[in-house]
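The values are calculated or read from the model by the stated rules, or taken from the named source; none is laboratory data. In this text, all values refer to a predicted model and were calculated from it rather than measured experimentally. Using ideal geometry, Cβ is built from the backbone for each residue, glycine included, and neighbour counts are taken over all protein chains shown. Areas reflect the complete protein model, heavy atoms only, side chains present, ligands, DNA and RNA absent. Shrake-Rupley method; radii C 1.70, N 1.55, O 1.52, S 1.80 Å.
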Amino acid sequence: KKSEIREQDMADHAVSLFARSNDKFQVILDTVDVHMCLIDRELKIVWANRRTREMFGDDVVGKPCHMACHGSRRPCGESSRCIVRDAFRCGSSDRHETEAVGKNGEKKYFSGTARVIQYDPDGRPLSVVKVYADITEQVKAEKRLRESLIQLRKNLGGTIQAMAMTVETRDPYTAGHQRRTSDIARCIAQEMGLPGKQVDGIRMAGVIHDLGKISVPAEILSKPGKIGRLEYSLIKNHPQTGYNILQGIDFRWPVAEIIRQHHERINGSGYPSGLQGDRIMLEARVIGVADVIEAMSSHRPYRPSLGISRAFDEITRNRGRLYDPDVVDATVRLYDKRKFNFQ
């Protein structure tokens, strides 16, 4: 009987130690700054730490995890990815971001993983621990940043349009020239397969590529007769003037430099710096060809339109001498395939 009593005491002691051990682990896990819960094969939560209970309610234990965390009657894996199901299938899951609904109905965002921590005698997973970090503030901050960037982009576009209109009000005969040049340049860039950001930069620079003409006297810009040598020299200053106006503005693209180079030619005969070949930015080479096509095919105070055929004859005849061969080829493809209306 004494031995039976001793065995019972030892068993009771072991149970007491186990209980105290569990209490210690519960205290430890309640202090961590992440959400943790233990989920069985039926997808029910069998244990949750303090952070989880505070977020989703003290009654989460015993509830299916999809009901407790998402307010859904259907398991997550039926309509979207479920890291708990992934863990039961593969032993663990990759990190995953998801939405959840707190006990007060507020939408929350989490990033977490899941891993099997217990198997039955047959080697089948019995339970999975899910660990989630609350990234709600980070997601909200990223959303605010995206909205700010969208608004900034709108404001920048509005500023660019205002600049373009300033030039066009002084030179009514070329009203719309910058916009049409920009449209042509954008389509050429897309036909060349340039990255989206580079296409955006070309489009933006194209809209104000003649901004420097704001310094040219209006009577010269609208002069109906032949332009003299001195008058032409003033006009030739407009790329540098445009650069001087824009160089202090922090665009997402090198707009000021593109504008300064859009009259450069690959054999060095252009202006204002006489740059050659690859020293001329590709964006400027694209706008240069678009500018020639638009200018030659449009009416000017000193001459009627020369026609689209003359414009294409100009760029193909001087392909590789004045104009970038790849840019010319892309422009010809646009014309041949009727991908752009050059008329």
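Structure values in brief
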{"quantity": "Filtered residue count, the stretch 306-324, keeping only those that are of a type outside the set (Val, Ile, Thr), open to solvent by less than 40 Å² (accessible area, probe 1.4 Å) and farther than 13 Å from Glu264 by Cα", "calculated": "5"}
{"quantity": "Matching residues in the stretch 103-161 - criterion: being within 30 Å of Asp200 (Cα to Cα) and hydrophobic (A, V, I, L, M, F, W, C)", "calculated": "Val139, Ala141, Leu145, Leu149, Ile150, Leu152, Leu156, Ile160"}
{"quantity": "Subset tally (residues that are outside any strand (DSSP E or B) and at pLDDT below 80) for the stretch 89-119", "calculated": "5"}
{"quantity": "Matching residues in the stretch 104-131 - criterion: being out of contact with any Gly (no Cβ under 8 Å at 6 or more places or on another chain) and β-branched (Val, Ile, Thr)", "calculated": "Thr113, Ile117, Val128, Val129"}
{"quantity": "Any hit, the stretch 151-173, residues being among the β-branched types (Val, Ile, Thr), in contact with a Lys or Arg (Cβ under 8 Å, 6 or more places away or on another chain), assigned to a strand (DSSP E or B) and free of Cβ contacts under 8 Å to residues at least 60 places away in the same chain", "calculated": "no"}
{"quantity": "From the options Asp12, Asp30, Asp58, residue that is modelled with pLDDT of 70 or more, open to solvent by 70 Å² or more (accessible area, probe 1.4 Å) and either more than 26 Å from Arg124 (Cβ to Cβ) or not in a helix (DSSP H, G or I) (or both)", "calculated": "Asp58"}
{"quantity": "Qualifying positions in the stretch 124-147 - of a type in the set (Val, Ile, Thr) and either open to solvent by less than 40 Å² (accessible area, probe 1.4 Å) or part of a helix (DSSP H, G or I) (or both)", "calculated": "Val128, Val129, Ile135, Thr136, Val139"}
{"quantity": "The stretch 267-291, residues that are under 33 Å from the mean Cα position of the chain (by Cα), open to solvent by 20 Å² or more (accessible area, probe 1.4 Å) and in contact (Cβ under 8 Å) with a residue 24 or more places away in the chain", "calculated": "Met281, Leu282, Glu283, Arg285"}
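Residues checked against (1) at pLDDT below 85; (2) within 14 Å of Val255 (Cβ to Cβ); (3) of a type in the set (Phe, Trp, Tyr); (4) surrounded by 14 or more Cβ atoms within 10 Å (Cβ to Cβ):
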site	(1), (2), (3), (4)
Gln178	no, yes, no, yes
Ala189	no, no, no, yes
Met192	no, no, no, yes
Gln198	no, yes, no, yes
Ile208	no, yes, no, yes
Gly212	no, yes, no, yes
Ala218	yes, no, no, no
Leu221	yes, no, no, yes
Lys226	yes, no, no, no
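This table checks each residue for (1) open to solvent by 60 Å² or more (accessible area, probe 1.4 Å); (2) under 21 Å from Arg180 (Cα atoms); (3) free of Cβ contacts under 8 Å to residues at least 12 places away in the same chain; (4) not in a helix (DSSP H, G or I).
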{"residue": "Ile202", "(1), (2), (3), (4)": "no, yes, no, no"}
{"residue": "Glu231", "(1), (2), (3), (4)": "no, no, yes, no"}
{"residue": "Leu234", "(1), (2), (3), (4)": "yes, no, no, no"}
{"residue": "Ile245", "(1), (2), (3), (4)": "yes, no, no, no"}
{"residue": "Ile249", "(1), (2), (3), (4)": "yes, no, yes, yes"}
{"residue": "Ala256", "(1), (2), (3), (4)": "no, yes, no, no"}
